[in-house]
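**Q** Sharing a structure, written as C-alpha cells. Questions coming.
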There are 2 protein chains.
Amino acid sequence: MKKILLSLLLVSTVSFAQSDDEKQLKSIYSTSLTNGKSYAWLDHLSNEIGGRLSGSANAAKAVQYTKAELEKLGLDKVWLQEVMVPKWERGAAEEAYMITDAGKTELRICALGGSIATKEGGVEAEVIEVQGLDDVKALGKEKIQGKIVFYNRPMKPDVISTFEAYGGCVDQRYAGAKEALEYGAVGVLVRSMNLRLDDYPHTGSMSYGDVPADKRIPAAAISTNDAELLSKQLKKDAATKVSFTMHCKQYEDVKSHNVIGQITGSEFPNEIIIVGGHLDSWDLGDGSHDDGAGVVQSMDVLRLLKETGYKPKRTIRVVLFMNEENGLRGGRKYAEVAKEKGEKHVFALESDAGGFTPRGFSFDCSDENFAQVESWKNLFKPYLIHFFEKGGSGADIGPLKDDQIVLAGLRPDSQRYFDHHHAENDTFDAVNKRELELGAATMTSLVYLFDKYGTKRSKKIKGK
Amino acid sequence: MKKILLSLLLVSTVSFAQSDDEKQLKSIYSTSLTNGKSYAWLDHLSNEIGGRLSGSANAAKAVQYTKAELEKLGLDKVWLQEVMVPKWERGAAEEAYMITDAGKTELRICALGGSIATKEGGVEAEVIEVQGLDDVKALGKEKIQGKIVFYNRPMKPDVISTFEAYGGCVDQRYAGAKEALEYGAVGVLVRSMNLRLDDYPHTGSMSYGDVPADKRIPAAAISTNDAELLSKQLKKDAATKVSFTMHCKQYEDVKSHNVIGQITGSEFPNEIIIVGGHLDSWDLGDGSHDDGAGVVQSMDVLRLLKETGYKPKRTIRVVLFMNEENGLRGGRKYAEVAKEKGEKHVFALESDAGGFTPRGFSFDCSDENFAQVESWKNLFKPYLIHFFEKGGSGADIGPLKDDQIVLAGLRPDSQRYFDHHHAENDTFDAVNKRELELGAATMTSLVYLFDKYGTKRSKKIKGK
C-alpha cells in the first residue's frame, strides 16, 4: 500500500514537472513570436552590414555589432576570443563566355572560395564535361590535358533532405580542381550546388590540398541554367570553348574574433552549454540564411531565457563562430581554448541550416543521452517539432566532440535552403520572420531542457 | 510448432505487404520530384491565365485549360459539371486617403469580395476603431452612426497554426459590415488578415446576409502597415477622417463548371475516391497558392498513380471545384449531383492550404477510420510527413459529409500562407517547385493507401 502511494506520489510529481515544462515552452514560443529580437538583429546584420567573409571589413563590423548587442542583454559576461583567419577576396566581377560557331554567349559564373585568379587575359580552352572525380581519373591525361573540366553532376532531386543531396555532390566543388590539375586541366567549372534551374552561381569552399601555388588552376561555379546550356552545346559540338576571367586573391591570415556571451549557471557553473552559429558568410549575398539566421537565433536563446524569467542552473553561452565557411578556425579555436582551460561542455547546439520553419534536431551523442531527448518529444508536439534523429550536428561545434558531450544541430525545413545557399540571393527578404522566430524558440526550449535536467555527463560530474 | 510457423508466415506476409507500400510511396515521391507536372501546370494557370474569380473570363479559361490537360492524361473519363456561380467585379482600382490636419495620406485598400461600390465621389467620414463585432454592439448607434468602422483586431502571432489565428479574426471581414450597418455606420475598413506588417491589402468574402441593397455599406480591407498608421493617427486625433472610393459591382449569376476527371476502379468501380482543389481564385494576385497549388497537385495525383503503374481498385476522381471563394457553389453542386445519382464516396481529399512543404493531413472521420490512418504513419516518416490529426478537411468536400465517408485536408506548413492569401502577392514566384511536388506526392500516397485498403465504409459495402 505504501509502495502504491509512493508510486502515485512519484507519478504526480512527474506529471507536475511535465506541466511546468509545458508552461515554460509555451512561454518561450510566445515570447519569441510576440517579442523576439532575432528578426531585427538579422535585418541589421544583413542590410546594414551585409556579406561577412572572414577577414573582411564587414566581418569585423559584425563582430563589433553582435558584441554590442549582447552587451545590451545584461548577460554575466561578454567577450571576444581572438582567432587568426584566412583572408580571400573575390576582387572585380568574374566574366565568362561560351564560344561557339554562332558567337559568344555570356555565362554566369563566380569564383569558388580559395580559387586562384586566372592569368591576365583569362583562360580559354575546350571544355570536357564529367559527372564527377572518378570520370576525371578514368579519362586521364589524354582527354583532360589543356582543357577546362566541367563537373556537371546535379544534386539528386528525389532525395527528401536537400542536405543529403548536397553531400552527394559537393566533392566536385571542394576537390574538383585538385583532381583535374593532376591530369593537366587548365581550369574548372562546377555546376552550382542548387536544385533549381536559375541564373545564380553558388560559391563555396574548395581546396588545392598541398599542391604548390604554381600548379594550381582557377575554379568557378556556373549557374544551373548555364550548366544546362553548356552541356547541351557540348553535345552538339564537343570542340566548344569557354573563356573566363577571375581576379580573386588569397592574402596572409588576419586577426579576427569569435563573439561569446554568457549567463553563469546558478547551481553548476562549471557545466557549460553552448548555442551558436557562424558570424562569417560568403560574399555574394548578405548571408541571411547562412548563417545570419543561426547567429541571431543563438543570441535570442539567451535573451528568451531571461525574458521568460528562467534562471539557468548551468552556464549557458552563445558562441558566434568566425570562419566556418572557409577554414573553421573559429570552431577549432573555441574547442582548443576550452580544452586548455579544462572547461566541461555538456551540451552544444548549432543552427546552421537556414532560418526556415524548424522541424527538429539531429544529435551526435550516446544512446543514453538520446533516450533522454526522446523522452521530451511530446513537449515539442504542439509546436510541430517532430524530427529527433541521430546524425550530424554542426561544423563549428564538431571540435568539442568527446564521448560524453551531446552535440545537436537545428534541423529546419530544407527544401528551399539550396535555392539561396552561397549565392547572391541569400538575402534578408528570403527569411520569414515567424519561421526564424520559431527556430529561436525551438532552440531555446532544448537548451532549457538540457539545463534543467542535465545530461548523462553532467550527472556523472555531479556524482563525483 | 505449426502455430509458430503460421505466425511466422503471417508476419512475413504482413511485412511483405508493408514493403510493397514502402516501394510504392518511394516511387510516387521520386516520380513527383523528378517528373512531376504540377509546377508546369501551375506556371500556365498563374502566368498565362492569372486570377480566376468566379464568373470571369479567366475562370472560363481555367476550366478549358484544365479539362484539356486532363484529357491528355489518358483517363477513363473527363467532363464538365455545370454550376451557376455569382459574379462580382472589382472594377477600377480603389482609392483611399487618411485626412488629417497635415493633409491627405494615401492608404492601401481593396474592396472585400461582395461589397457594394461607394456612392459616386466616395465615402468620407470620421473613423472609429474597434477590436471586433462585440465592440460595435457595445458602442451602439451613438458612437457608430455616420462613421467608418475600422476593425483592427490582428491575427494572434503566438498561435502556431496560422489558420487558427485566421479563424480567430475573420469574422471581422465576413460579418463586420453587416454588424456595423445596424448601428448606422457608413463604411467599413478591416485590417488585412495577414500576420506580417506590409503594404498588401488582402481581400476575401464578406456577406450582408439578408440586408436589402439600399441599406448596405461599402467594405474594404486595409494593409497591415496602413492599419497601424491609421490606428496611431486615431490615438493622436479621434476626429481623423478617411475617404475611400470603390467601383465594385455584383452581376447576375452566370454559368460555370466544375472540371472532373476519372480513373474507373478495376474491382470496386462504385466506390469513389475524390481529390481536389478549387479552380477559382481571388482577382488581386494570380491565385498560385490559393488554390492553383491544390488544383495542379490534385491533377497530378491521378497522373502519378498512372506514371507509377498503379491500377486503382476503386474509382479515383479529380474534382476541380468552381467558386470556393465566394459561394461554394461548385462544392455544393458536386455533392448534390452525387446524391442524386446515389454515388458512394468513400474518401475525399482536398488541398486548399497553399503549395508549401506538406506536413500531413487533418481528418474528419470516424475513430475507426482514423485508427486505420494512424497505422500508416510510419510509411510517411521518410518523407517527414508527421501530422495526422482529427479536425477540419476542406470547404469544397464538406458537403459530401455523412457518417461514413473519410474527409481529409492536406496540411502544408502554414507559416507563410497568410503573407500571400487573397493578396496581390499570391503569385507563382512565391511557390517553390519541390514543396509543391512533395505535396502532390503526399496526397497521391494517401489516395493510394485508401484505394488499396478501402475504408470502414467500403468494407461494409463489400460485406453486403
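**Q** Label-to-label distances across copies for A:Asn270, with labels 7 Å out along Cα→Cβ, in nm, shortest first?
**A** For A:Asn270, the other copies' label points sit at 7.9 nm, shortest first.
**Q** So, one more: Helix-only mean residue ellipticity at 222 nm, chain A, DSSP H runs n ≥ 4 weighted -39,500 (n - 2.57), per residue, nearest 500. What is it?
**A** After summing the helix terms and dividing by the residues of chain A, the value is -11500 deg cm²/dmol.
**Q** Greater than 28 Å separation of Cα atoms is the criterion. Which listed pairs, B:Lys67/B:Lys339; A:Lys147/B:Lys37; A:Lys72/A:Lys390, meet it?
**A** Table pairs above 28 Å Cα-Cα are A:Lys147/B:Lys37; A:Lys72/A:Lys390.
**Q** Under 5 Å between amide hydrogens, which residues at least 5 positions from A:Glu271 or on another chain qualify, with H placed 1.01 Å from N in the peptide plane?
**A** A:Thr315
**Q** Just report the Cα centroid separation between segment A:144-201 and segment A:391-421, whole Å.
**A** If you average the Cα positions of each part, the centres end up 23 Å apart.
**Q** Could you work out how far the C-alpha centroid of segment A:275-309 sits from that of segment B:228-295, in angstrom?
**A** So the two Cα centres are separated by 38 Å.
**Q** Once ligands and nucleic acids are excluded and a 1.4 Å probe is used, how much of A:Lys433 is accessible, expressed in Å² to the nearest 10?
**A** 90
**Q** Distances from B:Lys77 to the same position in the other copies: list them in nm, one decimal, shortest first, using label points 7 Å from Cα along Cα→Cβ.
**A** Listed shortest first, these distances are 7.7 nm.
**Q** Could you report the buried accessible area between B and A, both sides summed, computed with a 1.4 Å probe and given in Å² to the nearest 100?
**A** Answer for the B-A pair: about 2500 Å² buried.
**Q** Could you tell me what percent of the accessible area of segment B:92-247 is made up of carbon and sulfur, with a 1.4 Å probe and every protein chain present?
**A** 48
**Q** Let me ask another. Would you kindly derive the ³J(HN,Hα) couplings of segment B:78-85 from the backbone phi angles with the Karplus curve 6.51 cos²θ - 1.76 cosθ + 1.60 (θ = phi - 60°), listing them in order in whole Hz, with x for Gly and Pro?
**A** With the stated coefficients, segment B:78-85 comes to 9, 8, 9, 10, 5, 8, 7, 10 Hz.
**Q** If you don't mind, there's one more thing I want to ask. From the label point of A:Glu95, set 7 Å from Cα along Cα→Cβ, how far away are the matching label points in the other copies, in nm, ordered shortest to longest?
**A** Spelled out, the distances from A:Glu95's label point are 5.0 nm.
**Q** Whole-Hz Karplus ³J(HN,Hα) for segment A:336-342, in order, using 6.51 cos²θ - 1.76 cosθ + 1.60 and θ = phi - 60°, x for Gly and Pro?
**A** My calculation for segment A:336-342 gives 4, 5, 4, 5, 3, 7, x Hz in order.
**Q** Summing Lys, Arg as +1 and Asp, Glu as -1, what charge do residues with Cβ under 10 Å from the Cβ of A:Gln415 carry, A:Gln415 excluded?
**A** With Lys, Arg at +1 and Asp, Glu at -1, the net is -2.
**Q** Just to confirm a number: summing +1 for Lys and Arg and -1 for Asp and Glu over residues other than A:Ala68 whose beta-carbon lies under 15 angstrom from that of A:Ala68, what do you get?
**A** +3
**Q** Amide H to amide H, which residues 5 or more places from A:His257 or on other chains are under 5 Å from it, using H placed in the peptide plane?
**A** Answer set, sorted by chain and number: A:Val83.
**Q** Next question, about the same structure. Which residues of segment B:139-167 end up with at least 40 Å² less accessible area in the presence of all protein chains than when their chain stands alone, using a 1.4 Å probe?
**A** Hits at the 40 Å² cut-off: B:Pro157, B:Asp158, B:Ile160.
**Q** Let me ask something additional. Would you list, by chain and number, the aspartates and glutamates whose Cα falls below 20 Å from the Cα of B:Lys235, excluding same-chain residues fewer than 8 positions away?
**A** Partners within reach: B:Asp101, B:Glu106, B:Glu124, B:Glu126, B:Glu129, B:Asp135, B:Glu142, B:Asp226.
**Q** Using a cut-off of under 14 Å, list every residue of segment B:209-231 whose amide N is near the label point 7 Å from the Cα of B:Lys141 along the Cα-to-beta-carbon line.
**A** none
**Q** Given a 1.4 Å probe and every protein chain left where it sits, what share in percent of the accessible area of segment B:319-464 is carbon and sulfur?
**A** The C+S portion of the solvent-accessible surface of segment B:319-464 is 49 percent.
**Q** Moving to a separate point now. With chain B rotated onto chain A, spot the residue of B whose Cβ lies nearest the axis and note the distance in whole Å.
**A** B:His386, 2
**Q** Right, something else. Kindly identify residues of segment A:425-450 having a loss of at least 10 Å² in accessible area between the isolated chain and the assembly of all protein chains, probe radius 1.4 Å.
**A** Listed by number, the residues meeting the 10 Å² cut-off are A:Asn432, A:Arg434, A:Glu435, A:Leu438.
**Q** Apply the Karplus parameterisation 6.51 cos²θ - 1.76 cosθ + 1.60, with θ equal to phi minus 60°, to every residue of segment A:373-386 and state each ³J(HN,Hα) to the nearest whole Hz, in sequence, with x for glycine and proline.
**A** 4, 4, 5, 9, 3, 5, 4, 8, 4, x, 9, 6, 9, 10
**Q** Distance cut-off 20 Å, Cα to Cα: go down the list B:Lys333/B:Lys401; B:Lys23/B:Lys344; B:Lys313/B:Lys456; B:Lys87/B:Lys333 and report the pairs above it.
**A** Beyond 20 Å: B:Lys23/B:Lys344.
**Q** Something else: For segment B:92-247, with every protein chain kept in place, what is the accessible area per residue (1.4 Å probe, Å²)?
**A** Value for segment B:92-247: 44 Å² per residue.
**Q** B:Cys169: accessible area at probe 1.4 Å, nearest 10 Å²?
**A** About 0 Å², ignoring ligands and nucleic acids.
**Q** Taking Cα centroids, how far is segment B:71-135 from segment A:87-134 in Å?
**A** 52
**Q** Would you mind checking which residues have amide H under 5 Å from B:Phe388's amide H? H placed 1.01 Å from N; only 5 or more apart, or other chain.
**A** Those qualifying (amide H under 5 Å, at least 5 residues apart or on another chain) are B:Phe361.
**Q** Now, a different point. Tell me the accessible surface of B:Leu279 in square angstrom (1.4 angstrom probe, heavy atoms of protein chains only), to the nearest ten.
**A** Answer for B:Leu279: close to 0 Å² accessible.
**Q** Could you compute the net charge surrounding B:Ala185? Neighbours are other residues with a C-beta less than 9 Å from the C-beta of B:Ala185; K and R count +1, D and E count -1.
**A** After counting each charged neighbour, the total is -1.
The values are calculated or read from the model by the stated rules, or taken from the named source; none is laboratory data. These numbers were taken from a predicted model, which means no experiment stands behind them. Because the Cβ atoms are built from the backbone with ideal geometry, glycine has one as well, and the counts that use them run over all protein chains shown. Calculation scope for accessible area: heavy atoms of the full protein, side chains included, ligands and nucleic acids excluded. Shrake-Rupley method; radii C 1.70, N 1.55, O 1.52, S 1.80 Å.
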